[in-house]
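Here the structure is laid out as structure tokens; the discussion comes afterwards.
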Amino acid sequence: MNEINKTIARKTMEALHQHDLDAVRANVAPDARFYGWAPEVLDADGHKAFMSALLSSFPDSSFIVDDVIADGDKVAVRHRLRGTHQADFQGIPATGRQVEVNGIVIFRIENGMVAEAWLNADIMGMMQQLGVVPA
Amino acid sequence: MSEQYKTAAQDLIEKGFNQKDSSAFEAYFSASLKDYALPPSVPEGFEGRKMFYSAMLAAFPDMQVRLEDVFGDGDKLVTRWSARGTHQGDMMGVPPTGKQISISGIAIDRFENGQSVEHWEVFDQVGLMQQLGVIPS
């Protein structure tokens, strides 16, 4: 089970890395819930819209997987987002700066799909790298 | 192995943070800890993590941490946590505001001989600063 769920998690991260949000969506349950991307809980549509906006702001985004840890129905993925800030991001006009942002996401997998996910991302680090917040 | 590490994480949170018993902190983290989540303002490794831990308890003396989820595989443990507290002491240069905060984070530890020797963590630092009024929402 751990290996199957790890594969699902890796497929999701690879789809993100390829900027294929339809492929991400195909792995997501219709009633999935995403915690930590926005102040409010996002559903599958909300998550796709959020990621679409992120990819617009950082069009050359790479998602690099550093570690995958699976246990039961949970998979944690420690990863980094690397990209260049080329368009407005949450009200911050394009800076042209490169960022590398650490993140840990936990997926709960049910029936082979992402049913819930929790994200913590180093947005403070991102803001510092963009020059919006002093380092 | 995972069950032993889960218990260690529960002890760290319940005794180390919620009961402020620093012996639980010392039991969890190895003296040879490599910590990838410390700010540049503190020393590396165990010393820095201990300083950060003490600083958080001093800044939020009524802090209560909740283990939201804990799981692991092999020598790795994943802990998702939430914390609440009142900002009553200086924190990272921010004088006490009296504000109540609520934050969350995810940590990963790699264990050797029953202790964490590598620590990765991401937590809602922006949310913390916004709640303290240091950064606009």
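Taken together, the values in this text are just the output of simple stated rules run on the coordinates, not laboratory data. Predicted, not measured: the structure shown is a model, and the values here were computed from it. Cβ sites come from the backbone with ideal geometry, for glycine too, and all protein chains shown count toward neighbours.
Things to note:
- Burial ordering of B:SER104, B:SER137, fewest other beta-carbon atoms within 10 Å first: B:SER137, B:SER104
- Fully extending the segment from A:LEU21 to A:ASN111, taken as 0.36 nm per residue of separation minus the present Cα-Cα distance, adds 30.4 nm.
- Three-way shape call for the protein assembly as shown based on the alpha-carbon gyration tensor, with the a/c threshold at 1.5: oblate
- Gain on full stretching of the segment that runs from B:TYR36 to B:ALA58 - 0.36 nm per residue minus C-alpha separation: 5.7 nm
- Placing unit charges on each Cβ (+1 for Lys and Arg, -1 for Asp and Glu) gives the range B:71-116 a dipole about its Cα centre, and among B:PHE111, B:ALA83, B:GLY98 the Cα reaching farthest toward its positive end belongs to B:GLY98.
- Dividing the summed helix terms, -39500 (n - 2.57) for each DSSP H run of n ≥ 4, by the number of residues in chain B produces a 222 nm estimate of -8500 deg cm²/dmol to the nearest 500.
- Distant-in-sequence amide H partners of B:ILE135 (H built 1.01 Å from N, under 5 Å): B:GLN130
- Long-range amide H partners of B:SER116 with built H, under 5 Å: B:PHE29, B:SER30
- Ranked A:GLU3, A:GLU116, criterion: other C-beta atoms within 10 Å, fewest first: A:GLU3, A:GLU116
- The phi torsions of the range B:32-40, fed into the Karplus equation with coefficients 6.51, -1.76 and 1.60 and a -60° offset, translate into couplings of 9, 3, 9, 10, 9, 10, 8, x, x Hz, rounded to whole numbers, with Gly and Pro shown as x.
- Two-site label geometry, B:ASN113 and A:VAL41: point separation in nm, points 7 Å out along Cα→Cβ: 4.4
- When chain B is treated as a Gaussian network with alpha carbon springs shorter than 10 Å, the biggest mean-square fluctuation among B:GLY93, B:GLY74, B:GLY85 belongs to B:GLY93.
- Overall form of the range B:26-119 per C-alpha gyration tensor (a/c, 1.5; a/b vs b/c): oblate
- Computed from backbone phi, the HN-Hα couplings of the range A:28-37 come to 10, 5, x, 9, 5, 10, 10, 10, x, 6 Hz, rounded to whole numbers (Karplus: 6.51 cos²θ - 1.76 cosθ + 1.60, θ = phi - 60°; Gly and Pro given as x).
- Under a 5 Å amide H cut-off, with hydrogens placed 1.01 Å from N, A:ASP67 pairs with A:ARG78 among residues at least 5 apart or on other chains.
- Rounded to whole numbers, the Karplus 3J(HN,Hα) couplings from phi for the range B:96-107 are x, 10, x, 7, 8, 10, 9, 9, 9, x, 10, 10 Hz, using 6.51 cos²θ - 1.76 cosθ + 1.60 with θ = phi - 60°, and x at Gly and Pro.
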